[in-house]
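Each remark here refers to the structure printed beneath this line.
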Amino acid sequence: MHPTINLEDINQARELIYKIAGLYMPQNKDSTIKNRLDKLSRELNIKDYSEFFMGLKHGKFKQEFINAFTTNKTDFFREGFHFEDMMNRILPHRLQDNEPFEVLCAASSTGEEPYSIAATLLFAKEIYHSNTQVSVQAIDIDTFVLEVARVGNYIIDTNLNPLPTWIELKNYFDITRLSEHKIRMQAKQNLKKILTFKQHNLCAHVYPFSGKKFDIIFCRNVLIYFKVEDQEQILSKLFSHLKLGGTLYLGHSESILGLASKVDRLGQNIFIKVAE
Ligand SMILES: C[S@@+](CC[C@H](N)C(=O)[O-])C[C@H]1O[C@@H](n2cnc3c(N)ncnc32)[C@H](O)[C@@H]1O
């Protein structure tokens, strides 16, 4: 028998996930909190929530708690216009010089997004006959999704996640058809070679890039889970790691907030940094 979840447990979970990961779950998310606690109690065999929360405050099962409370929905080439913008606007020029080209994928989830970025980079290198060194750094707070991403093996329903036709995906993935609309996509070594996955909490005070400046930052469909004041903090930290002239891509329902005066907007949540 698993313990029943009362309002106090829900409030404790709300407070702790905010404190630990910055995720803001207001009262209209109470049923989501309850479902996630329920699932966690089955996985961890929780008998008593007060005891569980007491342990959590001292770090016990902290990672399991984080992993249970993140929302990991993602897709290959999601909001596809960002990959087309990269391919058509940025890479034709930028891949002509020999400066390394570096992309940050913040909140990379199970990997579909960073692999889509990496495939776009390798395809562009081929099309534009470039020798420029390219790389993608992917970060997420959830260790489970990072493990899935490192393996890079996916089963996709192409009805739900239609794949683009402008890119030769078979050059970067071993693709096996499983049924009419199901395929398996296994990332090839050439793709994996330019990708690194790292755990990082976007709410951390210090980011692990030691002065590095990226050419492109993807930060999509994650800001929506934070309070506006925390979104401002995260955006400004990410922005400090974007090159002048670099591009920031945000998700369709996210906003540039206080950085508006420091960017040129291209539409579709594409922002070019024009001031520090
Ligand atoms: C909905 S997914 C978005 C994935 C991808 N960016 C996309 O647009 O398809 C949100 C991701 O943000 C991650 N996340 C949530 N809170 C985070 C935090 N504080 N630091 C880093 N990543 C976080 C979650 O683990 C999850 O994988």
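The values are calculated or read from the model by the stated rules, or taken from the named source; none is laboratory data. Not measured: the values here are computed from a predicted model. Note that each Cβ is placed from the backbone with ideal geometry, even for glycine, and that neighbours are counted across all protein chains shown.
Let's see how each residue does on (1) within 30 Å of I17 (Cα to Cα); (2) touching a Lys or Arg at 6+ places or on another chain (Cβ under 9 Å); (3) not hydrophobic (A, V, I, L, M, F, W, C):
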site	(1), (2), (3)
F53	yes, no, no
N72	yes, no, yes
E84	no, no, yes
M87	no, no, no
I90	no, no, no
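Among the residues here, L23 does not qualify as in a strand (DSSP E or B), in contact (Cβ under 8 Å) with a residue 60 or more places away in the chain, within 23 Å of the chain's Cα centre (by Cα) and surrounded by 14 or more Cβ atoms within 10 Å (Cβ to Cβ). One residue alone among F197, F214 is more than 18 Å from S109 (Cα to Cα) and either surrounded by 13 or more Cβ atoms within 10 Å (Cβ to Cβ) or within 12 Å of the ligand (Cβ to nearest atom) (or both), and that residue is F214. Could you tell me which numbered condition F144 fails, if it satisfies all but one of (1) within 23 Å of L250 (Cα to Cα); (2) within 18 Å of the chain's Cα centre (by Cα)? Condition not satisfied by F144: (1).
Report yes if R36 is in a helix (DSSP H, G or I), of a type in the set (K, R) and out of contact with any Phe, Trp or Tyr (no Cβ under 6 Å at 6 or more places or on another chain), otherwise no. Can you show your working first?
Values: in a helix (DSSP H, G or I): yes; of a type in the set (K, R): yes; out of contact with any Phe, Trp or Tyr (no Cβ under 6 Å at 6 or more places or on another chain): no.
Here the answer is no, as R36 does not meet what is asked.
Among the residues of the range 239-253, are any free of Cβ contacts under 8 Å to residues at least 40 places away in the same chain, surrounded by 13 or more Cβ atoms within 10 Å (Cβ to Cβ) and of a type in the set (S, T, N, Q)? So far as the range 239-253 goes, no, none of its residues is free of Cβ contacts under 8 Å to residues at least 40 places away in the same chain, surrounded by 13 or more Cβ atoms within 10 Å (Cβ to Cβ) and of a type in the set (S, T, N, Q).
From the list V134, V151, V103, the one residue that fits, being under 24 Å from C203 (Cα atoms) and modelled with pLDDT of 95 or more, is V103. For the range 127-149, what are the residues that are loosely packed, with under 15 Cβ neighbours inside 10 Å and either within 16 Å of the ligand (Cβ to nearest atom) or part of a strand (DSSP E or B) (or both)? Within the range 127-149, T143, E147 qualify.
Every residue, every condition in (1) away from the ligand (no atom under 11 Å from the Cβ); (2) outside any loop (DSSP other than H, G, I, E, B), yes or no:
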{"residue": "F65", "(1), (2)": "yes, yes"}
{"residue": "R78", "(1), (2)": "no, no"}
{"residue": "F83", "(1), (2)": "yes, yes"}
{"residue": "H93", "(1), (2)": "yes, yes"}
{"residue": "D97", "(1), (2)": "yes, no"}
{"residue": "V103", "(1), (2)": "yes, yes"}
{"residue": "P114", "(1), (2)": "no, yes"}
{"residue": "L122", "(1), (2)": "yes, yes"}
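Kindly check whether there is at least one residue in the range 152-173 that is crowded, with 19+ Cβ neighbours inside 10 Å, assigned to a helix (DSSP H, G or I) and free of Cβ contacts under 8 Å to residues at least 40 places away in the same chain. No: zero hits. Checked against (1) within 27 Å of M87 (Cβ to Cβ); (2) touching a helix residue (DSSP H, G or I) at 6+ places or on another chain (Cβ under 9 Å); (3) within 16 Å of the ligand (Cβ to nearest atom), F173 meets all criteria but (3). Out of I66, I117, one residue alone is surrounded by fewer than 21 Cβ atoms within 10 Å (Cβ to Cβ), touching a residue at least 40 places away in the same chain (Cβ under 8 Å) and of a type outside the set (D, E, K, R). It is I66.
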